[in-house]
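Enquirer: The structure under discussion is supplied below as structure tokens; questions concerning it will follow.
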Amino acid sequence: MNVYAGPARAITRVTLRLVPLTPVHIGDGTEWRPDEYAIEEPRAAGRRYDEAGEEIEESGPTGPAMLCRFDQQAAMRGMTAVQRTKFTRALDRGDLMSAAQALREAGRGYVLDRIPLSSNSARALKEAMDNPLRGGAVKPFLRSGGVPCIPGSSIKGAFRTALASAVLPRDREPPFGWRHETALAAAFGLDPGDTTSDPLRFLSVSDSPLPEGATLIDKTEVVKAGGASAAGSQRGGIQMHYERTRCLCEAGEAPGFLVSLAVDERAARPGQLRRAEAQFDLPRLLRLARDFHVKLFNTENQRFFDGETKSLLLGRLRAHLGPGKEPPFMQQVWTPGFLLLRLGRFGHFESKSLEGVRRGHFPQARHPADKIRPPNDWGSTRTVVRDARRNPIPFGWVIGWVVKEERLPC
């Protein structure tokens, strides 16, 4: 039997309620091809009649087109004789488009997921079903138990980067500069062969399933500063379709989700960490994460979205009040308990690496020396979706509040 004989220990736990300010995509590395899904058109709601039976109104479509991912094996087993004949004959003559169409017809009875499509994605994916030169691939959101889920590891990674950036001993930079791995090791005093040297071992972050209807499939676009489309991202270029969250920067309701953070109080106790500078409690961790991401948020808006997009983002951020109706900031001071993070894909390397260390990869540069950017040099493009007014909306910004805090003995 193991007995702990050290000082009394406790866990500080907070619950965060977060909401996507802009779309978030966190993938699992898979993709859905056109022979794995069908597209369900919007259904008319039918007619309405008055008490005398006279038609008084005909409503339009009830909602967007839906992508219906189906079980391929079940669809092939359940094919009717006519469907099976169409399928095998198409394969025999090498007509893969017709074979896929026959499989989709059978698959409508074995649907696993129905996910709304943006109008841009619906139009492009329909074309892909009839044109072998169009890819039609869709990158799904990470799922747990069949439900889209924000993994705790993604949120914990954002805290790790912010803490390391704050405590990096910049006066000890190596002669040839930092690399991300060596900078992390220097910031935390990491020993590659000793997991107990990692200060983030004292932090746990829960996974967070998203509520029903929280995602849709949308077409992304690459833009340059000012929102102009980059070369190759217009119609005819490579199409990228991603399942992403709804967000505050568009019409409709944005999904909120709860995250539980727990910190073992040993994280703030002298002598527990290799570097005293890496000590933290929850207030410090939340403050450093917010400060790190606020600086990125402001710089990105200034460089890429100065104008209507910037005004939209700031307006939605300011309007997201805390549990006591407090604003995110007053008189240029951020309110304790408010949090800004960047999560998931298309957060770009600036949010995934330490300030002063980040070095982006620029493979299309003509000269080899220009393929790796200098430290802190920003990339020249952003990946976005477009809102109803055609404003470019970047990915990954999440805002929220601490809604509960407790201290638990352990």
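The values are calculated or read from the model by the stated rules, or taken from the named source; none is laboratory data. Being a predicted model, the structure only gives us computed values, none of them experimental. Note: ideal-geometry Cβ built from the backbone for every residue, glycine included; neighbour counts use all protein chains shown. Surface areas here come from the heavy atoms of the whole protein model, side chains and all, with no ligands, DNA or RNA. Shrake-Rupley method; radii C 1.70, N 1.55, O 1.52, S 1.80 Å.
Enquirer: If I filter region 8-23 down to residues being touching a Ser or Thr at 6+ places or on another chain (Cβ under 7 Å) and in a strand (DSSP E or B), which single residue comes out as surrounded by the fewest Cβ atoms within 10 Å (Cβ to Cβ)?
Expert: Thr15
Enquirer: Pairs, please: C-beta under 6 Å, at least 6 apart or cross-chain, first residue modelled with pLDDT under 95 and in region 268-296, second surrounded by fewer than 16 Cβ atoms within 10 Å (Cβ to Cβ)?
Expert: These pairs meet every condition: Ala268/Asp281.
Enquirer: Then there is this: So is Ile115 touching a residue at least 60 places away in the same chain (Cβ under 8 Å), assigned to a strand (DSSP E or B) and among the β-branched types (Val, Ile, Thr) or not?
Expert: Details: touching a residue at least 60 places away in the same chain (Cβ under 8 Å): yes; assigned to a strand (DSSP E or B): yes; among the β-branched types (Val, Ile, Thr): yes.
So Ile115 passes the test.
Enquirer: As an exercise: evaluate Arg143 against (1) crowded, with 19+ Cβ neighbours inside 10 Å; (2) under 30 Å from Asp35 (Cβ atoms); (3) among the charged types (D, E, K, R) and give the number of the one condition it does not meet.
Expert: Of (1) crowded, with 19+ Cβ neighbours inside 10 Å; (2) under 30 Å from Asp35 (Cβ atoms); (3) among the charged types (D, E, K, R), only one is false for Arg143: (1).
Enquirer: Which strands (runs of 3 or more DSSP E) does region 367-410 wholly contain that include 3 or more residues that are open to solvent by less than 10 Å² (accessible area, probe 1.4 Å) and either of a type outside the set (D, E, K, R) or under 18 Å from Phe292 (Cα atoms) (or both)?
Expert: In region 367-410, 397-409 are the strands (runs of 3 or more DSSP E) which contain 3 or more residues that are open to solvent by less than 10 Å² (accessible area, probe 1.4 Å) and either of a type outside the set (D, E, K, R) or under 18 Å from Phe292 (Cα atoms) (or both).
Enquirer: Here's something else I'd like to know. Would it be correct to say that Glu105 is at pLDDT below 90, open to solvent by 20 Å² or more (accessible area, probe 1.4 Å) and of a type in the set (D, E, K, R)?
Expert: Spelling it out, it is not the case that Glu105 is at pLDDT below 90, open to solvent by 20 Å² or more (accessible area, probe 1.4 Å) and of a type in the set (D, E, K, R).
Enquirer: Can you tell me which residue within region 240-255, out of those that are open to solvent by 20 Å² or more (accessible area, probe 1.4 Å) and at pLDDT 95 or above, is nearest to Thr195 (Cα to Cα)? Full working, then the answer.
Expert: Within region 240-255, the subset open to solvent by 20 Å² or more (accessible area, probe 1.4 Å) is 240, 246, 248, 250-253.
Now drop any that are not at pLDDT 95 or above, which leaves 246, 248.
Numbers: Arg246: 37, Leu248: 39 Å.
Per the stated criteria, the residue is Arg246.
Enquirer: Does any residue of region 348-363 turn out to be open to solvent by 70 Å² or more (accessible area, probe 1.4 Å) and of a type in the set (A, V, I, L, M, F, W, C)?
Expert: Checked region 348-363: no residue is open to solvent by 70 Å² or more (accessible area, probe 1.4 Å) and of a type in the set (A, V, I, L, M, F, W, C).
Enquirer: Suppose we keep only residues that are buried (at least 21 other Cβ atoms within 10 Å of the Cβ) and not small (Gly, Ala, Ser) within region 117-139. Which one would you say is nearest to the chain's Cα centre (by Cα)?
Expert: Looking at the filtered set, the residue picked out is Val138.
Enquirer: Please work out which residue is most open to solvent (accessible area, probe 1.4 Å), limiting yourself to region 262-282 and to residues that are touching a Ser or Thr at 6+ places or on another chain (Cβ under 9 Å) and in a helix (DSSP H, G or I).
Expert: Step by step, filter region 262-282, then rank; the result is Glu265.
Enquirer: Being in contact (Cβ under 8 Å) with a residue 24 or more places away in the chain and among the polar types (S, T, N, Q) narrows it down to one residue among Thr195, Thr215, Thr182; which is it?
Expert: On inspection, the qualifying residue turns out to be Thr215.
Enquirer: Can you pull out every residue in region 304-313 that is part of a helix (DSSP H, G or I), surrounded by 15 or more Cβ atoms within 10 Å (Cβ to Cβ) and touching a residue at least 12 places away in the same chain (Cβ under 8 Å)?
Expert: Phe304, Thr309, Leu312, Leu313, listed by residue number.
Enquirer: Taking Ile155, is it more than 22 Å from Lys219 (Cα to Cα), among the β-branched types (Val, Ile, Thr) and buried (at least 16 other Cβ atoms within 10 Å of the Cβ)? Can you show your working first?
Expert: Details: more than 22 Å from Lys219 (Cα to Cα): yes; among the β-branched types (Val, Ile, Thr): yes; buried (at least 16 other Cβ atoms within 10 Å of the Cβ): yes.
So Ile155 passes the test.
Enquirer: Quick check: is even one residue across region 247-256 part of a helix (DSSP H, G or I), closer than 15 Å to Trp401 by Cα and within 24 Å of the chain's Cα centre (by Cα)? It would help to see each step written out before you state the result.
Expert: Filtering region 247-256 down to residues part of a helix (DSSP H, G or I) leaves none.
Checked against the condition, which is being part of a helix (DSSP H, G or I), closer than 15 Å to Trp401 by Cα and within 24 Å of the chain's Cα centre (by Cα), region 247-256 yields no hits at all.
Enquirer: Pairs please, first residue from region 142-153 and in contact (Cβ under 8 Å) with a residue 24 or more places away in the chain and more than 14 Å from Ala214 (Cβ to Cβ), second anywhere and assigned to a loop (DSSP other than H, G, I, E, B) and open to solvent by 60 Å² or more (accessible area, probe 1.4 Å), Cβ atoms under 8 Å, 6+ apart in sequence or on different chains.
Expert: Once the first residue is in contact (Cβ under 8 Å) with a residue 24 or more places away in the chain and more than 14 Å from Ala214 (Cβ to Cβ) and sits in region 142-153, its partners that are assigned to a loop (DSSP other than H, G, I, E, B) and open to solvent by 60 Å² or more (accessible area, probe 1.4 Å) give Pro151/Asp207; Gly152/Asp207.
Enquirer: Is it fair to say Glu300 is open to solvent by less than 50 Å² (accessible area, probe 1.4 Å) and either in a helix (DSSP H, G or I) or on the phi > 0 side of the Ramachandran plot (or both)?
Expert: Criteria met by Glu300.
Enquirer: When region 340-359 is examined, which residues are found to be assigned to a loop (DSSP other than H, G, I, E, B), within 13 Å of Phe297 (Cα to Cα) and touching a Ser or Thr at 6+ places or on another chain (Cβ under 9 Å)?
Expert: Across region 340-359, the qualifying residue is only Leu343.
Enquirer: Is it the case that some residue within region 318-339 is in contact with a strand residue (DSSP E or B) (Cβ under 9 Å, 6 or more places away or on another chain), touching a residue at least 60 places away in the same chain (Cβ under 8 Å) and part of a helix (DSSP H, G or I)?
Expert: no
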